[in-house]
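This report refers to the structure that appears directly beneath it.
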Amino acid sequence: MSKLSIRGVEKTFPARRGTAATRALEPTSLEVADNDFITILGPSGCGKSTLLRVVAGLETPSGGEVLLDGQGVAGPGPDRGMVFQSYTLFPWLSVRDNVCFGLRERGMARAEQLAIADRFLAQVGLKGFENHFPAQLSGGMQQRTALARALANDPKILLLDEPFGALDHQTRELMQELLLGIWEADRKTVLFVTHDIDEAIFMASRVVVMSARPGRIKCDIAIDLPHPRSYKIKTTPAFAAYKERLTEEIRVETIKTLSMEA
Ligand SMILES: Nc1ncnc2c1ncn2[C@@H]1O[C@H](COP(=O)(O)OP(=O)(O)OP(=O)(O)O)[C@@H](O)[C@H]1O
Ligand SMILES: [Mg+2]
């Protein structure tokens, strides 16, 4: 059985005063196995965030269904850990309390919360910053805190929407290695949206490409590169071959998107 089943999920945002209805997603189906690391690529506005938000339970689909471990998803829940592109930490809470937030909501004893928070903060390299506030952190550190917060809840699946999009190139590459290392060690199930083809290939067990809006899955490519992967894999011929194919697939869709909007 799949960990996550996305079955015929479609989404049309209704017309509002002055704006027409938007068909964001064509019926889309995707089966995600336990331990899969799926990256989703696609042109801007093709419905990637919409798809992720439906899986997170933050958006109701116009049709279709999402099953997690065979159970229908109907609203947000701690079994899905979400990290967004923009920083979404609670500014009035310390780094440690941000990570504790979901654990406290569940009524966990304080000592246990702290032990879990500190373990995950150490895992993302934030030991020594537990008492800092988000405003005292760099962008990369804030995203590492958000990742620690998502991991601390021990979700069944991690949903990441361009979590490294606002970071500089070097920090971003280090974050990719960090997340991949966590995945290689703990074998999480991950759905990760990105615009960056290198990032998509480097971390994925499968790369899914979406078409121009209304989005649907255009191709689904297994990435057969060995683990553990180091950044050096990005210069290998096998990596370059995946990159060439994906660049072509995305380019066609981006051209369609731009001509639609012209
Ligand atoms: N709440 C909303 N109300 C109305 N339309 C929306 C809403 N959210 C998204 N849309 C529309 O749905 C389409 C898909 O948006 P979505 O954010 O899923 O795209 P995306 O693939 O994540 O794009 P990007 O790569 O730029 O983040 C867009 O045309 C957008 O305008
Ligand atoms: Mg988006």
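The values are calculated or read from the model by the stated rules, or taken from the named source; none is laboratory data. Just so we're clear, the structure is a prediction, and the values are computed from it rather than from any experiment. All Cβ positions, glycine included, derive from the backbone under ideal geometry; neighbour counts span all protein chains shown. Side chains included, ligands, DNA and RNA excluded: accessible areas come from the protein's heavy atoms. Shrake-Rupley method; radii C 1.70, N 1.55, O 1.52, S 1.80 Å.
The table below gives the values:
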| read-out | value |
| --- | --- |
| Test: residue in region 190-203 that is among the hydroxyl-bearing types (Ser, Thr, Tyr) and within 16 Å of ligand 1 (Cβ to nearest atom) | yes |
| Subset of region 1-29 (residues that are among the small types (Gly, Ala, Ser), within 15 Å of ligand 1 (Cβ to nearest atom) and farther than 17 Å from ALA212 by Cα) | ALA15, GLY18, ALA20 |
| Breaking point among (1) more than 12 Å from ligand 1 (Cβ to nearest atom); (2) under 19 Å from the mean Cα position of the chain (by Cα); (3) open to solvent by 40 Å² or more (accessible area, probe 1.4 Å), for GLN71 | (2) |
| Set VAL83, VAL99, VAL55: member being closer than 30 Å to HIS132 by Cβ, within 16 Å of ligand 2 (Cβ to nearest atom) and of a type in the set (Val, Ile, Thr) | VAL83 |
| Unmet criterion (only one of (1) open to solvent by 50 Å² or more (accessible area, probe 1.4 Å); (2) at pLDDT 90 or above; (3) not basic (Lys, Arg)) for ALA166 | (2) |
| Given (1) open to solvent by less than 10 Å² (accessible area, probe 1.4 Å); (2) more than 19 Å from VAL32 (Cα to Cα); (3) at pLDDT below 95, number of the condition PHE239 does not satisfy | (3) |
| Per-region count, region 169-185, residues out of contact with any helix residue (DSSP H, G or I) (no Cβ under 8 Å at 6 or more places or on another chain) and either within 16 Å of ligand 2 (Cβ to nearest atom) or open to solvent by 40 Å² or more (accessible area, probe 1.4 Å) (or both) | 4 |
| Extreme residue, most open to solvent (accessible area, probe 1.4 Å), among residues of region 135-163 that are closer than 18 Å to ASP36 by Cβ and of a type outside the set (A, V, I, L, M, F, W, C) | ASP154 |
| Top-ranked residue of region 91-134 - restricted to ones that are part of a loop (DSSP other than H, G, I, E, B) and in contact with a Lys or Arg (Cβ under 8 Å, 6 or more places away or on another chain), ranked as most open to solvent (accessible area, probe 1.4 Å) | ASN131 |
